[in-house]
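Taking it in order: structure first as structure tokens, then the write-up.
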Amino acid sequence: AKDEGKNNYRIYDSSLNPDAEERLEIKNSLRHAVDRNELTVHYQPQIEVGSGRILGLEALIRWNHPKRGLLMPGSFIAIAEETGLIVPIGEWVLRTVCSQSKRWQEAGLPPVRVAVNLSARQFAQNQLSPLVQDILTETGLDPAHLELEITESMAMQDRNWNTLAELKQLNITISIDDFGTHYSSLSYLKHLPVNKIKIDRSFVNGIAQEPKDEAIIMAMLLVAHRLNLTILAEGVETYDQFSFLHRNQCDEIQGYLFYKPQSAEQIEHILRQHSPE
Ligand code: C2E
Ligand code: CA
Ligand code: CA
Ligand code: CA
């Protein structure tokens with residue numbers, strides 16, 4: 001594959017596909033990662049298309065591995081899911097994000113909503129909404145500033161609907177991540193207490209290249225707006241993609257064209273420059 005050169009712009013990254021030995025090592029050291037304070041959260045701004053304002057941030061976990069350096073979720077989230085470690089890790093992320101967000105507000109930074117990714121395992125725990133409520137109380141964060149991202153497959157399972165309804169009652173925002181990537185029926189959008197959908201990067205990639213992707217995005221925008229849902233496009237990397245989304249009235253965008261995910265310190269700096277007029 002090496003001599004395909006320039007056409008092959010996605011470079012192979014062994015961290016995305018750890019071998020058996022690496023997996024075992026990751027599994028063992030992940031058990032201690034929370035206690036040893038090795039996990040950290042980066043944040044990626046979400047921009048309002050019309051105004052360019054930062055409305056929100058997505059919290060994305062990173063692991064400061066003692067030997068391997070900064071690891072991306074692709075190299076350990078699947079292992080965390082398999083082992084169930086995602087449950088304590090997910091709780092740690094939620095608590096970290098809520099107290100960080102509260103501190104930013106106390107420091108007088110412009111208010112933003114922070115979105116946290118939930119895994120299916122966390123939903124299966126059954127005690128999710130009391131946990132979220134406890135963390136909100138403990139940190140003093142206004143629920144209007146918290147968003148939870150779930151996947152379509154989590155949203156479609158009827159055994160999750162009670163939990164979803166309970167979460168919604170806490171007055172937080174709920175969004176559907178990676179929208180359109182699974183075999184799914186749109187009918188769940190009619191029943192579920194969801195506020196927002198996130199168009200997956202795989203569709204955004206096709207803008208200005210693949211008319212079928214553009215058609216699908218336009219259909220998603222239409223459905224979302226008719227159902228009064230906010231719609232965000234993720235993975236926006238080019239000006240052409242941005243301009244298509246702007247023309248077609250997408251509400252929010254997130255992607256490298258504007259900001260990459262970055263540390264809490266860097267985000268604080270960005271938010272400071274960003275104070276409302
Ligand atoms: P996701 O929720 O779909 O998050 C978006 C991913 O796209 C992030 O990768 C982000 O860095 C990346 N991204 C953002 N903008 C662009 C862009 O313009 N171009 C490209 N190529 N990529 C972009 P990341 O941080 O590596 O996270 C990967 C996945 O790991 C996430 O996908 C999410 O499913 C999972 N994840 C991350 N943090 C958590 C967490 O705290 N809990 C759980 N359960 N899962 C998490
Ligand atoms: Ca997400
Ligand atoms: Ca996503
Ligand atoms: Ca994804």
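The values are calculated or read from the model by the stated rules, or taken from the named source; none is laboratory data. Note that this is a predicted model, so its numbers are computed, not measured. Positions of Cβ are backbone-derived with ideal geometry, glycine not excepted, and every protein chain shown enters the neighbour counts. Areas reflect the complete protein model, heavy atoms only, side chains present, ligands, DNA and RNA absent. Shrake-Rupley method; radii C 1.70, N 1.55, O 1.52, S 1.80 Å.
Quick look at the numbers
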quantity: Selection status of Trp104, aromatic (Phe, Trp, Tyr) and crowded, with 19+ Cβ neighbours inside 10 Å; calculated: yes
quantity: Only listed residue being more than 19 Å from Ile231 (Cα to Cα), within 16 Å of ligand 1 (Cβ to nearest atom) and either of a type outside the set (Ser, Thr, Tyr) or more than 19 Å from the chain's Cα centre (by Cα) (or both), chosen from Leu136, Leu148, Leu167; calculated: Leu167
quantity: The range 232-251 - residue that is within 26 Å of Gln105 (Cβ to Cβ) and touching a helix residue (DSSP H, G or I) at 6+ places or on another chain (Cβ under 9 Å) and, of those, most open to solvent (accessible area, probe 1.4 Å); calculated: Asp251
quantity: Residue check for Glu214: buried (at least 16 other Cβ atoms within 10 Å of the Cβ) and within 15 Å of ligand 3 (Cβ to nearest atom); calculated: no
quantity: Among the candidates Asp200, Asp213, Asp178, residue that is over 20 Å from the mean Cα position of the chain (by Cα) and within 16 Å of ligand 1 (Cβ to nearest atom); calculated: Asp213
quantity: Every residue from the range 157-213 that is of a type in the set (Phe, Trp, Tyr) and not in a loop (DSSP other than H, G, I, E, B); calculated: Trp161, Phe179, Tyr188, Phe203
quantity: Qualifying residue in the range 43-52 (condition: within 16 Å of ligand 3 (Cβ to nearest atom), among the β-branched types (Val, Ile, Thr) and open to solvent by less than 10 Å² (accessible area, probe 1.4 Å)); calculated: yes
